[in-house]
Amino acid sequence: MVVEVLRLAGKLGDIPLLLRTRDGETRTTIGSVQLEEFNGQTYLVSMIQDLTDHERIQSALQSAESRFRIFFENIPLPLLVYDVATLRFVDVNPAACRQYGYSHDEFMSRSVSDLWVGDDDTLAATRRLAGDPVARLAGASRHRRKDGSVIDVDVVSYTFEMESRPVRLSIAQDVTEQRAIETALRASEERLRIIADVTTDAMWDRDLTTEEVEWSQGLSSLFGFDLANNLDHDWWREHVHPDERDKVEAGIVAVLAGDEPYWADEYRFRCVDGRYVNVLDRGYVIRDDNGRAVRFIGAMVDITAQLQVAEAATRAAQEER
């Protein structure tokens, strides 16, 4: 639990610890831990206070309780504490009240099972795990708020002793918006994959930080290349006709260095069988918040047949004249 709270909040104050001295004596202490950055390294800075003396223990524990209450109530993460045996809530912090819409008193009259959403098998399995005094729960779940709306949450849960009974502390973060964004992204990527599969164009996606390029099936159907090979930007450049290579590359460099979002050019491209075909290549530049080009996406189209038809039409018109 200490590690998880440190990861999420960066610090943890006034926690009781039992430490063993060099000669094997066990002493009661109280400690505070926080994360600090120094020269690019992350350190755990710990302060330990020896509370072996009974009076000092009583005073320190009272102070620790007060400080922990401040920490518990002000941490922005929703914290739920419930009894392992009955599943009824023992305590919640204000962040949990805001997330679920219940007041503190309303929480105290309910059990954690009132929040769970799922089929009977899922709820039964979750109830069994929640009642296991040694199980550590972690993962995605769905909870129901007071108004009936359902939210996606990431839950990390731990068991500890409080007042001679096992209770479980759960950190439940609302990730509904994050899940919706991920779902929309997956749907968008699936639509793009379908478009790339059904189109006859050779679609490409160039990562400008790694110079890796992903190609659609059109590269194989149009020009005969095996997509299993490493077909990066240098490979593409080597397949542009030598007489046009410098001109085409200079046009791309100029667009990436400027602020124009679009690039287009016509050139000859060498197929897998060694013959050159005429292509129309068009690309769109994606930039970061600083205006730096980070991705370059586009498609190549074989226009050899169109050019041949245009040339034939021109010759026919000249012969007619």
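The table that follows gives values for the structure above.
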read-out: Enumeration of residues in the stretch 1-22 that are among the acidic types (Asp, Glu) and farther than 18 Å from Glu65 by Cβ; value: Glu4
read-out: Asp226 vs. criteria open to solvent by less than 40 Å² (accessible area, probe 1.4 Å), within 15 Å of Trp204 (Cα to Cα) and of a type in the set (D, E, K, R); value: no
read-out: Positions within the stretch 11-48 being touching a helix residue (DSSP H, G or I) at 6+ places or on another chain (Cβ under 8 Å) and either loosely packed, with under 15 Cβ neighbours inside 10 Å or among the β-branched types (Val, Ile, Thr) (or both), in sequence order; value: Ile15, Pro16, Thr28, Ile30, Val33, Leu35, Leu44
read-out: Unmet requirement for Val33, which otherwise passes all of (1) in a helix (DSSP H, G or I); (2) over 24 Å from Arg145 (Cβ atoms); (3) not basic (Lys, Arg); value: (1)
read-out: Filtered residue count, the stretch 49-82, keeping only those that are of a type in the set (S, T, N, Q), open to solvent by 70 Å² or more (accessible area, probe 1.4 Å) and either touching a residue at least 24 places away in the same chain (Cβ under 8 Å) or over 30 Å from Phe107 (Cα atoms) (or both); value: 3
read-out: Some residue of the stretch 296-303 being open to solvent by 30 Å² or more (accessible area, probe 1.4 Å) and in contact with a Lys or Arg (Cβ under 7 Å, 6 or more places away or on another chain); value: no
read-out: Pair list, Cβ under 9 Å, 6 or more apart: the stretch 29-46 residue under 22 Å from Ala64 (Cβ atoms), other residue β-branched (Val, Ile, Thr) and exposed (fewer than 11 other Cβ atoms within 10 Å of the Cβ); value: Leu35/Thr42; Glu36/Thr42
read-out: Single residue of the stretch 209-223 satisfying the filter (part of a loop (DSSP other than H, G, I, E, B) and either open to solvent by less than 30 Å² (accessible area, probe 1.4 Å) or in contact with a His (Cβ under 6 Å, 6 or more places away or on another chain) (or both)) that is farthest from Cys271 (Cα to Cα); value: Glu211
read-out: Qualifying residue in the stretch 245-264 (condition: open to solvent by 30 Å² or more (accessible area, probe 1.4 Å), under 19 Å from Leu222 (Cα atoms) and charged (D, E, K, R)); value: no
read-out: The stretch 271-284 residues that are in a strand (DSSP E or B), paired with ones that are of a type in the set (D, E, K, R) and open to solvent by 90 Å² or more (accessible area, probe 1.4 Å) (beta carbon under 8 Å, 6 or more apart); value: Asn278/Glu266; Val279/Glu266; Leu280/Glu266; Asp281/Glu266
read-out: Helices (runs of 4 or more DSSP H) enclosed by the stretch 87-147 - at least 1 residues per element that are modelled with pLDDT of 90 or more, among the charged types (D, E, K, R) and surrounded by 14 or more Cβ atoms within 10 Å (Cβ to Cβ); value: 104-108
read-out: Considering residues of the stretch 175-186 that are open to solvent by 80 Å² or more (accessible area, probe 1.4 Å) and not aliphatic (A, V, I, L, M) only, the residue farthest from Arg88 (Cα to Cα); value: Arg186
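Let's see how each residue does on (1) under 20 Å from Asp205 (Cβ atoms); (2) at pLDDT 90 or above:
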site	(1), (2)
Leu231	yes, no
Arg237	yes, yes
Val240	yes, yes
Asp259	no, no
Tyr284	yes, yes
Ala293	yes, yes
Phe296	yes, yes
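The values are calculated or read from the model by the stated rules, or taken from the named source; none is laboratory data. It should be emphasised that the depicted structure is a prediction, and the values quoted were computed from it without experimental measurement. With ideal geometry, Cβ positions are generated from the backbone for all residues, glycine too; neighbour counts draw on all protein chains shown. SASA here: full protein model, heavy atoms, side chains in, ligands and nucleic acids out. Shrake-Rupley method; radii C 1.70, N 1.55, O 1.52, S 1.80 Å.
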